[in-house]
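S.K.: Dropping a structure here in structure tokens format, bear with me for questions.
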Ligand SMILES: NC(=O)C1=CN([C@@H]2O[C@H](COP(=O)(O)OP(=O)(O)OC[C@H]3O[C@@H](n4cnc5c(N)ncnc54)[C@H](O)[C@@H]3O)[C@@H](O)[C@H]2O)C=CC1
Ligand SMILES: O=C(CO)[C@H](O)[C@H](O)COP(=O)(O)O
């Protein structure tokens, strides 16, 4: 089949390649003309035969919104838009309504696999009506990993991105657990080769996982991670997971702590710890360190 793909960065570029390898035609648009097949969304839509399927793989928020708005003007009734980016699930209903007003279908699709997806396949979790999903199915089949799992119709519109959001929340907490264990192992003198301990865990242990394999890759590149600064960004899904937990009164202590650990990583000198130090000093006369002593 033919697919229009908008956004040809780390994800979209490899996805185009994987879908082409499966024998489909992909016409890609990116505002970066170095990687694009066409010069505009209008040209992309003009080159596709109807009913069209256009997959959006750009950053969540403004870039996705403007692309959906433009596609709503360019596409025809019976066409389908898939949002494969990490959009907030609450945006999906809005996008589905905006497109439905023009007779255009909408599917939200959480995509997992990162830059390894070209080789390993992309795990997909999608939401929307069966009639729209059916039109995208050959593309889902091309992207998904080989084997029985890795692709799910999670529910109605929004369910795909909600599932991906929770997946990323779990990703935060798993990474935090490996990171904390690694720091503790590095701290003590008795363990002399932390990298080999991590490597040994890759087989047979209860905690083996792909993230653990990636941790070993990272340690092979830089055994004590000396080239990196302890600073971690977040792109939204962890925050939305915590917000959803609050809305639903579901306790998520591990995921919430892992999100907050990232915030802490961006502080050189913790303001709240200044207050803790000041209060300990006030009530107990405990020693404080002044800036000049550092
Ligand atoms: N990198 C990852 O591990 C994963 C990323 N995602 C999501 O996939 C989406 C894309 O991520 P990446 O490829 O990693 O980002 P990226 O930054 O590598 O690529 C984004 C691409 O979109 C293009 N772009 C931005 N605004 C545009 C617009 N208005 N019109 C046309 N092109 C536009 C950029 O030029 C760039 O080539 C994001 O929503 C991201 O959250 C989802 C799963 C995994
Ligand atoms: O979806 C992903 C992996 O599954 C992306 O890599 C995402 O960017 C990870 O989230 P964050 O940037 O908040 O760490």
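S.K.: Can you give the Rg and Dmax of the range 1-85 based on its C-alpha atoms, in angstrom?
M.R.: When restricted to Cα atoms, the range 1-85 yields Rg and Dmax of 11.6, 32 Å.
S.K.: Once the Cα atoms of helix 130-143 and of the chain are each reduced to a long axis, what angle between those two axes, in degrees from 0 to 90 to the nearest 10, is obtained?
M.R.: 60 degrees
S.K.: Continuing with the same structure: For the chain, give me the percentage of DSSP beta bridges that are antiparallel, rounded to the nearest 5 percent. Could the numbers behind the result be given before it?
M.R.: Details: 5 of 25 bridges.
Counting only bridges with both partners in the chain, antiparallel ones make up about 20 percent.
S.K.: When the Debye formula is applied to the Cα atoms of the range 31-161, each taken as the same point scatterer, what base-10 log of I(q)/I(0) results at q = 0.17 Å⁻¹?
M.R.: Computed log10 I(q)/I(0) values: -0.89.
S.K.: If you build a Gaussian network model of the chain, linking Cα atoms that sit under 10 Å apart, which residue out of 164, 274, 119 swings the most?
M.R.: 274
S.K.: Next up: So what are the range 110-251's ellipsoid semi-axes, whole angstrom, largest first, if each one is the square root of 5 times an eigenvalue of the alpha-carbon gyration tensor? Could you put the intermediate results ahead of the total?
M.R.: On the way: eigenvalues 227, 76, 32 Å².
Semi-axes (√(5λ), whole Å): 34, 20, 13.
S.K.: Tell me the angle of helix 253-265 to the major Cα principal axis of the chain, expressed in degrees between 0 and 90 and rounded to the nearest ten.
M.R.: Roughly 80 degrees between the two axes.
S.K.: Report, largest value first, the span of the C-alpha coordinates of the chain along each principal axis, in whole Å.
M.R.: 74, 43, 38
S.K.: Further question on the same structure: In deg cm²/dmol and to the nearest 500, what is the mean residue ellipticity at 222 nm of the chain if only DSSP H runs of at least 4 residues count, each as -39500 (n - 2.57), divided by the residue total? It would help to have the intermediate numbers written out before the result.
M.R.: Details: 12 runs with 145 residues, N = 294.
Using -39500 (n - 2.57) per qualifying helix, the result is -15500 deg cm²/dmol.
S.K.: I need the shape label for the range 212-294. Rule: rounded when a/c is under 1.5, else prolate if a/b > b/c, else oblate, with a, b, c from the alpha carbon gyration tensor. Can you show the working numbers first?
M.R.: Values: a/c = 2.82, a/b = 1.23, b/c = 2.30.
Here the range 212-294 falls in the oblate category.
S.K.: Between rounded, prolate and oblate, where does the range 33-72 land on the alpha carbon gyration tensor, with a ≥ b ≥ c its root eigenvalues, rounded for a/c under 1.5, else prolate if a/b exceeds b/c? Walk me through the intermediate numbers first.
M.R.: Details: a/c = 2.04, a/b = 1.25, b/c = 1.63.
It comes out oblate by the Cα gyration axes.
S.K.: Top mean-square fluctuation among 95, 132, 224, Gaussian network model of the chain, C-alpha springs under 10 Å?
M.R.: Largest GNM mean-square fluctuation: 224.
S.K.: Ranking 54, 250, 191 by Cβ neighbours within 10 Å, fewest first, what do you get? Let's see the in-between values first.
M.R.: Details: 54 25, 250 9, 191 12.
Fewest-to-most Cβ neighbours within 10 Å comes out as 250, 191, 54.
S.K.: Now for a separate question. Relative contact order of the chain: what whole-number percent is it, with Cα pairs under 8 angstrom and at least 6 residues apart?
M.R.: Details: 429 pairs, mean separation 35.3, N = 294.
With pairs under 8 Å counted, the relative contact order is 12 percent.
S.K.: Mind giving me the FRET efficiency for residue 156 and residue 22? R0 is 35 Å, r the Cβ-Cβ distance, nearest 0.05 is fine. It would help to have the intermediate numbers written out before the result.
M.R.: Working: r = 28 Å, r/R0 = 0.79.
Calculated transfer efficiency: 0.80.
S.K.: Could I ask something else about it? Starting from the Cα gyration tensor of the range 105-158, take the square roots of the eigenvalues, sort them a ≥ b ≥ c, and report rounded, prolate or oblate (rounded when a/c is under 1.5, otherwise prolate if a/b is larger than b/c, else oblate). If you can, show how the numbers build up before the last one.
M.R.: On the way: a/c = 2.14, a/b = 1.82, b/c = 1.18.
It comes out prolate by the Cα gyration axes.
S.K.: Kindly provide the pair-distance distribution of the range 82-127 built from C-alpha pairs, with 5 Å bins from 0 and whole-percent values in order of increasing distance.
M.R.: 6, 22, 25, 19, 12, 9, 6, 1
Each reported figure results from applying straightforward, stated rules to the coordinates on display, with no laboratory input. Note that the structure is predicted; figures quoted are calculated from it, not measured. Using ideal geometry, Cβ is built from the backbone for each residue, glycine included, and neighbour counts are taken over all protein chains shown.
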